[in-house]
Amino acid sequence: MARKPARRFTIDDLWRIERIGGASLSPDGAQVVCPLTSHSMEDNSASSALWLLSTLGGAPRRLTHCGDKDGQPAWSPTGEQIAFVARREQQGRKDETPQLYVIAPDGGEARRASDFAPGIEAFKWFPDGKRIAFIAWVWPGLAGQRAQAKRHKAFKERKESGYATGEAQYRYWDHNLPMGRVAHLHVLDVKTGRVRDLFEGSAFELTRASPDAHAFDIAPDGKTICFAFDPQPRKQIDHCLALAEIDLKNGRVETVAGDEAWDFAAPRYSPDGRYIAFVASHQGKRHTMPGHLALLRRASKRNAAPGWQLLSAQWDRSVSAPLRWAEDGDAILFAAEDRGRCHLWRMGIASSEPAIALRGGWVQSFDVASGAEVIVVVADASDHPARVHALRGGEAEPLRLERFNDALLAPFRFRAAEEVTVMGANGDAVQMWLTVPPGFEAGDAQGKAQGRGKGKTWPLLHAIHGGPHAASGDTFHYRWNNQLFAANGYVVAGVNYHGSSGFGHAFLDSITHRWGELELQDVEAATDWLLAQPWADAKRVFASGGSYGGYMVAWMNAHVPPGRYNAYICHAGCFDWTGMFADDAYTWHAQEFGAWYWEDRAKLDAQSPHAFAGTMRTPTLVIHGALDYRVPDAQGLAYYNTLQAKGVDARLLWFPDENHWVLKPRNSRQWHEEFFGWLARHDAAARR
């Protein structure tokens, strides 16, 4: 029987995929709780609920039903409750800000555990299961829960809309930081709802860059909390963080690891409480230095003073939060990128040797059961969205725990991305991922062998990744989805150009102070390789990119002769590095480019597409969001206006309600309609 042809994958199909969030293991390792998010194209909305999965297999069970944005689930140490963050309507009152809820794993109705007006950002359980430590943005000069509630009510009811500040860091990603507020650690009594602000009356605060549950940890005896903080009085996003411990009995805070040249983050106590593992980066040496796994020996009667050491100093990869200790305390688990993939790694304390515990694809999140040898991993790959697997001690292969999207994806035939190596700048080997369309044929040789003459040729599309210190990976992206691009008939290339992460520090840092130079050589070498393939259509070549990838296509428009590429697509791209000083990360500019713009304007202009606008000729679709504070939308508007003023074929798609990404279903559909429409228009012109 002939195989039924695969149906074409569409943007609506992409938004029908149920997206799995971070998983949390029960203490005995028997169950996993994870949020599952569904989207409605019709309603232009999203909703999430918590689901329970058995690590021994079996059908998943939905745990929460009454909320629509249930997230960040975490088991209590006894396994009797699951806490999560939500905004719900309960007992006749609707939450104005996110609150903490608790629910029994065997079901029933969730109970609101907090009533804290400023809202809850992130949390962790205390070992006793009676208290929860949480992060909230509060007015630092106020004392007590009632005072915070009163100020919150007054602020909400104010008639003024202006944002006034004297801070160096006042916005992040897509939002202004809460005006006049800072991120404090609090302790909640789960039974009574009483709240204590641990930083009240002090100058301590957590990082202003979206502080999460990785910013602190609670000691196994529940007596102290370790947290990362900026020790400088003037807070900036590029400052090095230090580690401190607070004694919960007397409120005394002591800095336990601090060095103005080193950035310390993601503290995690060992099971016996003797050590704190954390991520350390030598920022004083170079702002691009990797995050190393480090170990702090806590002060004790035997050790009069704490001291820290690097465990992964000889390993040329960067460790990512979170860190999790193995049950016996002899090793630490973490995720790290390696050559376009992100694996789960295990590093022994004694050996300092990294070993892969579970291979990617791309490990998105993981958890370890404190009372059992069980690891749960949420990971995707180029040919499938995120899945949940459990790996038990002694078992060779992980067990898949769910099939949420299998029926939806059954009609499609996704091919895993193929890894190709090209010789790029400086004669270095450069990785490129190829994603091919359904029905792809290898061209001349295969076509002739099958008696069909020359064989079909295919148009080429570069999908240039952002960062620049990120990677095009073996991952299933929900915004730049290569399977969706390929389903529209393009061979999609993802080049890990110089500057990309996961290939060692020298490769990553090679572009510093000379952005655009090596990356362009790599992309052009990849294009040469593609055009040499018998299946490539040399008359139909396109390049697209977002963020730094958007910068690259603008750079290419200025530096690649017209005709090489039929058209470009620039999403949230950097255009003018002087104008980019309006971004939320402006304090990094001199480190990236080698000078402030007022010190050496020529040096910045040498790395800025706008300075080469005179040679731009290739048609370009420019896309930007007004809520993008990482690359402010004036960058896209200036690029589009420049092309219009020069008479270059250009089109603008601007969203008043999107940030650096496009997150609303209907806006995403429009984004893809414009994206593919632009390609089709210039593809058709090439065919004539």
Select from region 345-362 the residues that are part of a strand (DSSP E or B) and open to solvent by 10 Å² or more (accessible area, probe 1.4 Å) and list them in ascending order.
345, 346, 348, 354, 355, 356, 357, 358, 362
Please go through region 382-403 and give me each residue that is in contact (Cβ under 8 Å) with a residue 60 or more places away in the chain, of a type in the set (D, E, K, R) and assigned to a strand (DSSP E or B), ordered by number.
387, 392
Go through 149, 136, 183, 117 for me and flag whichever is in contact with an Asp or Glu (Cβ under 8 Å, 6 or more places away or on another chain), within 30 Å of residue 76 (Cα to Cα) and either outside any strand (DSSP E or B) or among the charged types (D, E, K, R) (or both).
117
Checking 379, 336 in turn, the sole residue that is open to solvent by less than 10 Å² (accessible area, probe 1.4 Å), under 20 Å from residue 24 (Cα atoms) and in a strand (DSSP E or B) turns out to be 336
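One line per residue, one yes/no per condition, for (1) among the small types (Gly, Ala, Ser); (2) in contact (Cβ under 8 Å) with a residue 40 or more places away in the chain:
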position: 108; (1), (2): yes, no
position: 129; (1), (2): yes, yes
position: 138; (1), (2): no, yes
position: 166; (1), (2): yes, no
Out of curiosity, is residue 12 acidic (Asp, Glu), over 17 Å from residue 106 (Cβ atoms) and in a loop (DSSP other than H, G, I, E, B)?
no
In region 208-232, anything open to solvent by 20 Å² or more (accessible area, probe 1.4 Å) and either touching a Cys at 6+ places or on another chain (Cβ under 7 Å) or within 15 Å of residue 258 (Cα to Cα) (or both) is listed as 231, 232
Report the residue count in region 472-505 for those that are of a type in the set (Ser, Thr, Tyr) and under 24 Å from residue 12 (Cβ atoms).
3
If the Cβ limit is 9 Å and pairs must be 6+ apart or interchain, which residue in region 347-372 that is farther than 23 Å from residue 220 by Cβ and of a type in the set (Phe, Trp, Tyr) pairs with which residue that is open to solvent by 30 Å² or more (accessible area, probe 1.4 Å) and assigned to a loop (DSSP other than H, G, I, E, B)?
362/475
Could you check region 455-474 and list, in sequence order, the residues that are open to solvent by less than 40 Å² (accessible area, probe 1.4 Å) and in a loop (DSSP other than H, G, I, E, B)?
455, 457, 465, 466, 468, 470, 471, 472, 473, 474
Going through (1) of a type outside the set (Phe, Trp, Tyr); (2) at pLDDT 95 or above; (3) buried (at least 16 other Cβ atoms within 10 Å of the Cβ); (4) touching an Asp or Glu at 6+ places or on another chain (Cβ under 8 Å) one by one, residue 401 fails only at (4)
Does region 644-651 contain at least one residue that is closer than 23 Å to residue 562 by Cβ and among the acidic types (Asp, Glu)?
yes
Checking residue 66 against (1) in a loop (DSSP other than H, G, I, E, B); (2) at pLDDT 95 or above, the condition it does not meet:
(2)
For a quick check of your reading of the model, give me the residue pairs whose first member lies in region 21-47 and is closer than 29 Å to residue 668 by Cβ and open to solvent by less than 10 Å² (accessible area, probe 1.4 Å), whose second is part of a loop (DSSP other than H, G, I, E, B) and among the charged types (D, E, K, R), with beta-carbon atoms closer than 8 Å and at least 6 apart or on different chains.
36/18
Of everything in region 242-262, what is surrounded by 18 or more Cβ atoms within 10 Å (Cβ to Cβ) and in contact with a Pro (Cβ under 8 Å, 6 or more places away or on another chain)? Give them in sequence order.
242, 243, 256, 257
Single residue of 270, 300 found to be open to solvent by less than 20 Å² (accessible area, probe 1.4 Å) and small (Gly, Ala, Ser)
270
Subset of region 208-218 [among the aliphatic types (A, V, I, L, M) and free of Cβ contacts under 8 Å to residues at least 60 places away in the same chain]
209
Top-ranked residue in region 179-197 [being without any contact (Cβ under 8 Å) to a residue 60 or more places away in the chain and farther than 24 Å from residue 156 by Cα; ranked as surrounded by the most Cβ atoms within 10 Å (Cβ to Cβ)]:
189
Output the number of the condition that residue 270 fails; it satisfies all remaining conditions of (1) of a type in the set (S, T, N, Q); (2) closer than 23 Å to residue 205 by Cβ; (3) touching a residue at least 12 places away in the same chain (Cβ under 8 Å).
(2)
Take residue 167 and decide whether it is under 28 Å from the mean Cα position of the chain (by Cα), over 14 Å from residue 121 (Cβ atoms) and assigned to a loop (DSSP other than H, G, I, E, B).
yes
Of the numbered conditions (1) of a type outside the set (A, V, I, L, M); (2) under 13 Å from residue 635 (Cβ atoms); (3) assigned to a helix (DSSP H, G or I), residue 549 fails exactly one; give the number of that condition.
(2)
For a quick check of your reading: which helices (runs of 4 or more DSSP H) sit entirely within region 570-688 and have at least 3 residues that are open to solvent by less than 60 Å² (accessible area, probe 1.4 Å)?
589-593, 634-646, 665-687
Pull up region 507-546, narrow it to residues that are among the small types (Gly, Ala, Ser) and assigned to a helix (DSSP H, G or I), then point me to the one that is surrounded by the most Cβ atoms within 10 Å (Cβ to Cβ).
526
Of the residues in region 412-425, those that are out of contact with any helix residue (DSSP H, G or I) (no Cβ under 7 Å at 6 or more places or on another chain), open to solvent by 50 Å² or more (accessible area, probe 1.4 Å) and either in contact (Cβ under 8 Å) with a residue 60 or more places away in the chain or closer than 26 Å to residue 18 by Cβ (or both) come to 413, 415, 416, 419
If I filter region 70-80 for residues that are over 23 Å from residue 321 (Cα atoms), not hydrophobic (A, V, I, L, M, F, W, C) and not in a loop (DSSP other than H, G, I, E, B), do I get at least one hit?
no
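The values are calculated or read from the model by the stated rules, or taken from the named source; none is laboratory data. Everything numeric in this text was worked out from a predicted model, so none of it was measured. Please note: Cβ atoms are built from the backbone with ideal geometry, for glycine as well, and neighbour counts cover all protein chains shown. Surface areas here come from the heavy atoms of the whole protein model, side chains and all, with no ligands, DNA or RNA. Shrake-Rupley method; radii C 1.70, N 1.55, O 1.52, S 1.80 Å.
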